[in-house]
Amino acid sequence: MNTGTPKKILFLDAYFLPENTSYTHLENDLIEGLIESGYSVHVVCPRPTRNVSDEAAKDWKREEMLFDGRVHVTRFPVLREKKNPILRAFRYFLCNRRTYRQAKRIRDVDAIFCNSTPPIQGLIARKLKRYFQKKYHREIPFIYSLQDVFPDSLAGTGLAKKDSLLWKIGRKIENKTYAAADHIIVISESFKQNIMAKGVPEEKITVVYNWVDTDSVKPVPKTENSLYEKLNLNPQKFYVVYAGNFGVSQGIGTILKAAEILKEEKNISFLLFGGGAEYEKICTEAEQMGLPNVTITKLLPAERTSQVYSLGDVCIVSCKKGAGMSAMPSKTWSILACNRPVIASFDIGSELERVLRLANAGVCVEPENPDALAKEIFAFYSAASAGNPYSSQGRAFVEANAAKKACAGKYVAVILSYIKKIY
């Protein structure tokens, strides 16, 4: 190998830019950090399908160079993502199979990086690690970003029961992935404790919150927020904002039921920005329930994040019962960066509840409990109406614990430490 060339990190991705997911902007920041440190990146991923226009879904290239040639993207054709979970799982299987075939062709790989979506992606990284080590006769470190604890998340959403066949298969996948990974980066302390209980040594784990760019995501004053005019909103009303995926685990139906409870409160309105598998279903449900206080619209581009969350006098983070113990929604950091208070319809005792308490940035109520959610929304509204709105300290917490530069730097440091061990 020519040691004068930049060391190359292979990224295995289920989604990549221009796709808009909760993780793609984080990975983009990580790639920028690696490039600034003198490394190159080769990304293998399917053609863009999630949260992209029809034009973007059609106008893609098999090979693409980004960041002045320091990032090489190899894409492969695959069917568009479907709403049905079985079809989605089948698509993931096809993607991973093609990812492996494409990745094998890449030359001079020095490290492998992938995240936990889909869960079987870790097994592909494991297989590639062995392949490249045999090919190059040297160590190839594999760094794993654990964004979702599988199969715990399946049990949390009701897709699998603990100790069922699917659960047992998931645990085997989990164990093999953790064993193969040289280092695992987790997004919360609770994730760390979870996998340590499964036998992963503590020295193999680093906790790094999913970060937010506090320079671009920040509070937008009402007088400067163009979304009020764009969406024909009344700045005098009290707005409850949810922005994110409409999926099985998010429990959006609970938000609709809370809105139904509060529909006689003329000054409280719900703004739901969404996409995903259940978007059309939620739109239909809201229409059938006859909710004049609910406005649903498609997710806006990432550059509108500050404006979206700044609309909220309070913002909601939600999940179905049980799902929150193995999740830490990254949207939380964007909400806190905009210094908006959070009402989390989320598992009590979860990492999210701990963060909201530490940050003095909101409250957590029992998930799938629309009465409790409506009660807290009304309490926030009543306080604001009385001239005593909730004073969130969320932005200060984010700047200290989840800012882009510090957190992305931790990822880069972990990856590079393993490469430096080889050379």
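The values are calculated or read from the model by the stated rules, or taken from the named source; none is laboratory data. Model, not experiment: these values are computed from the prediction. Please note: Cβ atoms are built from the backbone with ideal geometry, for glycine as well, and neighbour counts cover all protein chains shown. What goes into the accessible areas is simple: the full protein's heavy atoms, side chains included, and nothing from ligands, DNA or RNA. Shrake-Rupley method; radii C 1.70, N 1.55, O 1.52, S 1.80 Å.
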*What's the number of the condition ASN267 fails, among (1) modelled with pLDDT of 95 or more; (2) over 21 Å from SER310 (Cα atoms)?*
(2)
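Conditions tested, residue by residue: (1) open to solvent by less than 60 Å² (accessible area, probe 1.4 Å); (2) more than 20 Å from the chain's Cα centre (by Cα).
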{"site": "ASP59", "(1), (2)": "no, yes"}
{"site": "VAL71", "(1), (2)": "yes, yes"}
{"site": "TYR92", "(1), (2)": "yes, no"}
{"site": "ASN96", "(1), (2)": "yes, no"}
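Give me a count of the residues in the stretch 42-53 that are part of a loop (DSSP other than H, G, I, E, B) and either touching a strand residue (DSSP E or B) at 6+ places or on another chain (Cβ under 6 Å) or not hydrophobic (A, V, I, L, M, F, W, C) (or both).
Our first condition is that a residue be part of a loop (DSSP other than H, G, I, E, B); within the stretch 42-53, this holds for 47-53.
Of the ones still in play, those that are also either touching a strand residue (DSSP E or B) at 6+ places or on another chain (Cβ under 6 Å) or not hydrophobic (A, V, I, L, M, F, W, C) (or both) are 47-51, 53.
Selection size over the stretch 42-53: 6.
Yes/no matrix, rows are residues, columns are (1) farther than 20 Å from ILE377 by Cα; (2) open to solvent by less than 40 Å² (accessible area, probe 1.4 Å):
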residue: LEU233; (1), (2): no, yes
residue: ILE255; (1), (2): no, yes
residue: SER269; (1), (2): no, yes
residue: PHE273; (1), (2): no, yes
residue: GLY276; (1), (2): yes, yes
residue: TYR279; (1), (2): yes, yes
residue: CYS283; (1), (2): yes, yes
residue: GLN288; (1), (2): yes, no
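Quick one: how many residues across the stretch 380-396 are of a type in the set (Gly, Ala, Ser) and open to solvent by 50 Å² or more (accessible area, probe 1.4 Å)?
Quick first cut of the stretch 380-396, residues of a type in the set (Gly, Ala, Ser) only: 382-387, 391-392, 394, 396.
With open to solvent by 50 Å² or more (accessible area, probe 1.4 Å) added as a condition, the list becomes 385-387, 391, 396.
The qualifying residues number 5.
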*Hey, can you tell me all the residues within the stretch 397-423 that are surrounded by fewer than 15 Cβ atoms within 10 Å (Cβ to Cβ), in contact (Cβ under 8 Å) with a residue 24 or more places away in the chain and of a type in the set (A, V, I, L, M, F, W, C)?*
ALA406, ILE422
_Lone qualifier among LYS192, LYS176, LYS198 - being open to solvent by 10 Å² or more (accessible area, probe 1.4 Å) and either within 23 Å of the chain's Cα centre (by Cα) or of a type in the set (Gly, Ala, Ser) (or both)_ = LYS192
*asked:* Within the stretch 357-379, does at least one residue satisfy the condition of being closer than 26 Å to ARG88 by Cα, modelled with pLDDT under 95, in a helix (DSSP H, G or I) and open to solvent by 10 Å² or more (accessible area, probe 1.4 Å)?
replied: no
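Could you tell me which residue of the stretch 237-262 is nearest to LYS320 (Cα to Cα), considering only residues that are assigned to a loop (DSSP other than H, G, I, E, B) and at pLDDT 95 or above?
Step one: list which residues in the stretch 237-262 are assigned to a loop (DSSP other than H, G, I, E, B), which gives 237, 246-251, 262.
In the following step, the residues that additionally are at pLDDT 95 or above were identified as 237, 262.
On the way: LYS237: 28, LEU262: 21 Å.
Selected residue: LEU262.
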*Options GLY38, GLY33: the member that is open to solvent by less than 70 Å² (accessible area, probe 1.4 Å) and either at positive phi or assigned to a loop (DSSP other than H, G, I, E, B) (or both)*: GLY38
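Yes or no: THR214 of a type in the set (S, T, N, Q) and either open to solvent by less than 30 Å² (accessible area, probe 1.4 Å) or touching a Lys or Arg at 6+ places or on another chain (Cβ under 7 Å) (or both)? Walk me through how you get there before you give the answer.
Working: of a type in the set (S, T, N, Q): yes; either open to solvent by less than 30 Å² (accessible area, probe 1.4 Å) or touching a Lys or Arg at 6+ places or on another chain (Cβ under 7 Å) (or both): yes.
Yes, satisfied.
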*Give me the pairs: first residue in the stretch 313-324 and open to solvent by 30 Å² or more (accessible area, probe 1.4 Å), second residue aromatic (Phe, Trp, Tyr), beta-carbon distance under 9 Å, and six or more apart or on different chains, which are they?*
ASP313/PHE238; ASP313/TYR239; ASP313/PHE380; ASP313/TYR381; ASP313/TYR390
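Could you identify the single residue in ILE195, ILE143, ILE185 that is in contact with a His (Cβ under 6 Å, 6 or more places away or on another chain) and modelled with pLDDT of 85 or more? Break it down into steps so the answer makes sense when it comes.
Working: ILE195 fails: in contact with a His (Cβ under 6 Å, 6 or more places away or on another chain); ILE185 fails: in contact with a His (Cβ under 6 Å, 6 or more places away or on another chain).
Being in contact with a His (Cβ under 6 Å, 6 or more places away or on another chain) and modelled with pLDDT of 85 or more holds for just one of ILE195, ILE143, ILE185, which is ILE143.
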*Are there any pairs with C-beta distances below 9 angstrom linking a residue in the stretch 54-83 that is under 22 Å from ALA277 (Cβ atoms) and in a loop (DSSP other than H, G, I, E, B) to a residue that is open to solvent by 50 Å² or more (accessible area, probe 1.4 Å) and of a type in the set (Lys, Arg), with the two at least 6 apart or on different chains, and if so which?*
PRO77/ARG62; PRO77/ARG98; VAL78/ARG98; ARG80/ARG50; GLU81/ARG50; GLU81/ARG88; LYS82/ARG88; LYS83/LYS281
